[in-house]
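As structure tokens, the structure follows; a few thoughts come after it.
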Amino acid sequence: FDPNDIEQRKKWDDYVKAYEQAIRATNTDYAPWYIVPANSKVHRNLAIASFQAGDRQQADAAISKAYAISSLDINTANITGMIYLQSGNFNKAAEVFARMTEDYPDAADAWLGLGQAQAGLRKYPQATESINKALAVDGRYAQQGYMALAYIYQQQGDMETAQKYAAAAQQAGQQ
């Protein structure tokens, strides 16, 4: 045990945020990021070989099977879901975040991510429910949650409710 570990651990959330920002900033259509679980060598190797051969469908299937073998830790799962969200793969993002909500029901970021994925899939009632769960679990997600709700209502043409949530998000950001 190194006493410096305690100080370093206090910086973990900042590290994870920086890592997520780096992944989001460098994930492009030309050179996308993929998180390949290494807990199943067979599925890991199949996914990598499939990516190299240009067979993304087989690669996605191998990754899904590897995920099914064992759960991801919450940080890896969150980053994986965010990568899928950022790349517009809302089905995969919803799959990852839904699993997170099962494994970590008190993780507000899991509920928020699930809501964002559901909104991307135009499943607005489910998205609203998921985002409200995120807000109920952890009020620190108020600004993000209210902005997501504003987007959902705007997409449905309910501008009055969208503006209400946008104002609530702005107010949450000032606190």
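The values are calculated or read from the model by the stated rules, or taken from the named source; none is laboratory data. Just so we're clear, the structure is a prediction, and the values are computed from it rather than from any experiment. Cβ coordinates were reconstructed from backbone atoms using ideal geometry, including for glycine residues, and neighbour counts include every protein chain displayed. Surface accessibility is based on the protein's heavy atoms, side chains included, excluding ligands, DNA and RNA. Shrake-Rupley method; radii C 1.70, N 1.55, O 1.52, S 1.80 Å.
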- Expressed as a whole percentage, what fraction of the accessible surface of the chain belongs to carbon and sulfur atoms when a 1.4 Å probe is rolled over the protein heavy atoms? 50 percent
- Query: Extension gain Ile74-Ile48, at 0.36 nm per residue separation less the Cα-Cα distance, in nm?
  - Reply: 7.0 nm
- Item | Listed residue (Pro105, Ala162, Ala117) projecting farthest to the positive dipole end of the chain, Cβ model | Ala117
- Quick one: of Lys10/Lys65; Lys11/Lys133; Lys10/Lys41; Lys41/Lys65; Lys10/Lys92, which pairs are farther than 23 Å apart, Cα to Cα? Lys10/Lys65; Lys11/Lys133; Lys10/Lys41; Lys10/Lys92
- Query: How big is Rg to Rh over the chain, alpha-carbon atoms, Rh as the Kirkwood inverse-mean-distance radius?
  - Reply: 1.02
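Which whole-number value in Å³ per residue fits the convex hull of the alpha carbons of the stretch 102-175?
67 Å³
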- Query: Using the beta-carbon distance between Asp5 and Arg140 and R0 = 35 Å, what value does 1/(1 + (r/R0)^6) give for FRET efficiency, to the nearest 0.05?
  - Reply: 0.85
- Query: Which length gain, in nm to one decimal place, applies between Ala61 and Gln156 when the Cα-Cα distance is subtracted from 0.36 nm times their residue separation?
  - Reply: 30.9 nm
- Message: Applying a 10 Å radius around every beta-carbon, put 104-112, 135-143 in order of their mean neighbour count, most first.
- Response: 104-112, 135-143
- Query: Could you give the angle, 0 to 90 degrees to the nearest 10, between helix 56-69's Cα long axis and the longest principal axis of the Cα atoms of the chain?
  - Reply: 90 degrees
- Of the peptides 83-90, 25-32, 127-134, how do they stack up when ordered by the mean number of other Cβ atoms within 10 Å, highest first? 127-134, 83-90, 25-32
- Query: In what sequence, highest mean first, do 157-166, 55-64 appear when ranked by Cβ atoms within 10 angstrom?
  - Reply: 55-64, 157-166
- Rounded to one decimal in Å, the inverse mean reciprocal Cα-Cα distance for the stretch 1-62, i.e. its Kirkwood radius, is 14.1 Å
